[in-house]
Amino acid sequence: MDKFLLILLPALLCISLPVDAREIDGVPIPDSVTVADSTLQLNGAGIRKKLFMDIYIGALYLPARTPDSSAILTDTGPASVLMHILYKELSKKKITNAWSDGMRANLTTEEMHSLQATLDTFNTLFMTVHKGDVIRIDFIPGKGTEVRINNEWRGIVGDNTFFRALLKVWLGPEPVSSSLKDAMLGKD
């Protein structure tokens, strides 16, 4: 009987582990997050690399998983992006320049012009971050785009138009990284 228990115990331990637990580069990635009163599911996550450096893990959360970037970019429901910083330091200037560059690459001149004031306000919510820090950007319908850094509320700006334009940094026709886009769409 003791031999039977020794064989059965490891099998039972494996069964009790969460099937959907994810880890990227040693960082646990939650399977879901709560935004306002909505539970959002992990759509996908991957690493933003620049040259040979790992910059951050980007994770996209939606009410329902989909690999369709067009559907995500035209949706009006809640959504969340988590960025787990992997690089030793990202200055506020580098972060805010990245938002501006990414949006400019994916929006028309008219769209960019109409969102510039909101982007400027959004950029004031950021600060220099370091390895291990977490940036969370949530879209809350009826409220706007909320930013938290290490769970500290930094502010809220914009509307759905701004949030979906921001998502184009990762999911637009000119994403910051094609491999990160595929990962966030769950195609990796």
For Glu111, Glu152, order by how many other beta-carbon atoms lie within 10 Å, fewest first
Glu152, Glu111
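Would you work out the relative contact order for region 20-184, in percent, from Cα pairs under 8 angstrom that are 6 or more residues apart? Don't jump to the answer; show the numbers that get you there.
Numbers: 313 pairs, mean separation 36.9, N = 165.
Over region 20-184, the number comes to 22 percent.
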Near Lys88, which lysines are there with a Cα under 26 Å away, not counting those fewer than 8 places off in the same chain?
Lys49, Lys50, Lys131, Lys168, Lys181
Only helices counted: for the chain, with every DSSP H run of 4 or more residues adding -39500 (n - 2.57) and the sum spread over all residues, [θ] at 222 nm is -11500 deg cm²/dmol
Among Leu51, Leu40, Leu107, determine the one that fluctuates most according to a GNM of the chain built with springs between C-alpha atoms less than 10 Å apart.
Leu51
When N counts the residues of region 108-182, how does its alpha-carbon radius of gyration compare numerically with 2.2 N^0.38 Å, as a ratio?
1.15
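Quote the relative contact order of region 79-137 in percent (integer), defining contacts as alpha-carbon pairs under 8 Å separated by 6+ residues. Before the final figure, lay out each step's value.
Details: 52 pairs, mean separation 42.3, N = 59.
Normalised by residue count, the contact order of region 79-137 is 72 percent.
A short reminder: the numbers here are calculations on the coordinates, not readings from a lab. Every value quoted in this text rests on a predicted model; they were computed, and no experiment measured them. Because the Cβ atoms are built from the backbone with ideal geometry, glycine has one as well, and the counts that use them run over all protein chains shown.
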